[in-house]
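The values are calculated or read from the model by the stated rules, or taken from the named source; none is laboratory data. Owing to the predicted nature of the structure, the values given are computational and were not obtained by experimental measurement. Neighbour counts are summed over all protein chains in view; Cβ atoms, including those assigned to glycine, are modelled from backbone coordinates with ideal geometry. Please note that ligands, DNA and RNA were not included when accessible areas were found on the heavy atoms of the full protein model with its side chains. Shrake-Rupley method; radii C 1.70, N 1.55, O 1.52, S 1.80 Å.
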Amino acid sequence: MFSLNQSVLVRGAAGEPIPSPYRGLQKLEVEFRRGDFSVVCAGGGTGKSLMALFLATWSNVPTLYFSADSTAATQLSRATAMITGDNAREVKKALVDDGSFDKYEEALSRRWWLRFNYSARPTPKDIELHLECYREVFGCYPHLVVIDNITNVDGGGSSNAEEYTFGLEGLCDYFNEMARETRAHVMAMHHVVGEYSSGIKPIPLDGVKGKIGRVPSVVLTIHAEVDGMQGRTLHISPVKNREGFTDPSGETYASFEVNTSNLQITDLDEEVF
């Protein structure tokens, strides 16, 4: 046990925020702090993976990304567009069609400590093994660990809804402990209940699938607005925030414009809603 003064010495890097491009969320007192566990929830195809990948590429901190929901080709073309500003479709064409992808090698090498695992059903044992491998190679644990998404983690079968919810709670406890032990910020992507799966209206805390809001320090929900001209706006709501502003209704959110060509995500000039 530790006194308050001793706790200053033993906290290590816990509590330090990951550099973030999302200034609108910072206005709402949302930080992705090392040693904490967060969950980002949205309907399929809304943009939660884009949000996490943009954080991983922009922050340029040691990162381990478990991409169970997207293939290597998808993540590579997206990340390359984010880093270089080139059109994502042209990047993917260079990757899979005309063999000219080597021109991006120098730009990608600057993110040398951003590493991916593409297993479709990683187990907790797989995740622990890769964390230890990362530490062995780089001499430290990742500062950011992304689980995309939590329902793809093979935590054992569930035969009914009660076991499904209990299994998700157990995985949340596991990732929360992982964050404490490694002093990484662990961010898990997750789905929402059917009523909000369209992704076009604010999602409250009780719209999170499996009702797993107990454990995470931060729970964000994302809904999108499409303008009909291939433009997309992401509205990100802090429905739980242990150390700052929170609105469980999801009606308070920060808004970000997605450039659908090069996948850059930028704050809108408007005030937070």
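Enter the accessible area per residue of segment 119-255 (Å², integer; probe 1.4 Å; all protein chains in place).
Value for segment 119-255: 47 Å² per residue.
Would you calculate the separation in nanometres between label points at Arg111 and Asn60, each defined as 7 Å from the Cα along the Cα-to-beta-carbon direction?
Between Arg111 and Asn60, the simple spin-label model gives 1.2 nm.
Compute a Gaussian network model of the chain, connecting alpha carbons closer than 10 Å, and tell me which residue from His190, His223, His130 fluctuates the most.
In this elastic network of the chain, the residue with the biggest mean-square fluctuation among His190, His223, His130 is His130.
Of all accessible surface on the chain at a 1.4 Å probe, what whole percent is carbon and sulfur?
Of the solvent-accessible surface of the chain, carbon and sulfur hold 51 percent.
What accessible surface, in Å², does a 1.4 Å probe find on Val61, ignoring ligands, DNA and RNA and rounding to the nearest 10?
Taking all protein chains as shown, Val61 has close to 20 Å².
Once both labels are modelled 7 Å past Cα along the beta-carbon direction, what's the Asn152-Thr266 spacing in nm?
3.0 nm
What is the distance, in nm, between label points placed 7 Å from the Cα along the Cα-to-Cβ direction at Thr123 and at Glu225?
Inter-label distance under the simple model: 4.7 nm.
Taking only DSSP H segments of four or more residues, each worth -39500 (n - 2.57), what value at 222 nm results for the chain once the sum is divided by all its residues, to the nearest 500 deg cm²/dmol? Don't skip to the answer; put the middle values down first.
Details: 8 runs with 88 residues, N = 273.
Value at 222 nm, helices only, nearest 500: -10000 deg cm²/dmol.
Between Glu90 and Glu16, what FRET efficiency follows from the Cβ-Cβ distance if R0 is 30 Å, with the result rounded to 0.05?
0.20
Anything over 27 Å Cα to Cα? Flag those among Lys201/Lys240; Lys92/Lys201; Lys125/Lys201, in the order listed.
The pairs that break the limit, which is 27 Å between Cα atoms, are Lys92/Lys201; Lys125/Lys201.
Restricting to the chain, compute how many DSSP beta bridges are antiparallel as a %, nearest 5.
If I count the DSSP bridges inside the chain, around 45 percent turn out antiparallel.
Would you kindly compute the Cα radius of gyration of segment 1-144 and its largest Cα-Cα separation (Dmax), both in Å?
That works out to 17.4, 62 Å for Rg and Dmax.
In whole Å, what are the Cα extents of the chain along the three principal axes, biggest one first?
Principal-axis extents of the Cα atoms in the chain, largest first: 59, 44, 43 Å.
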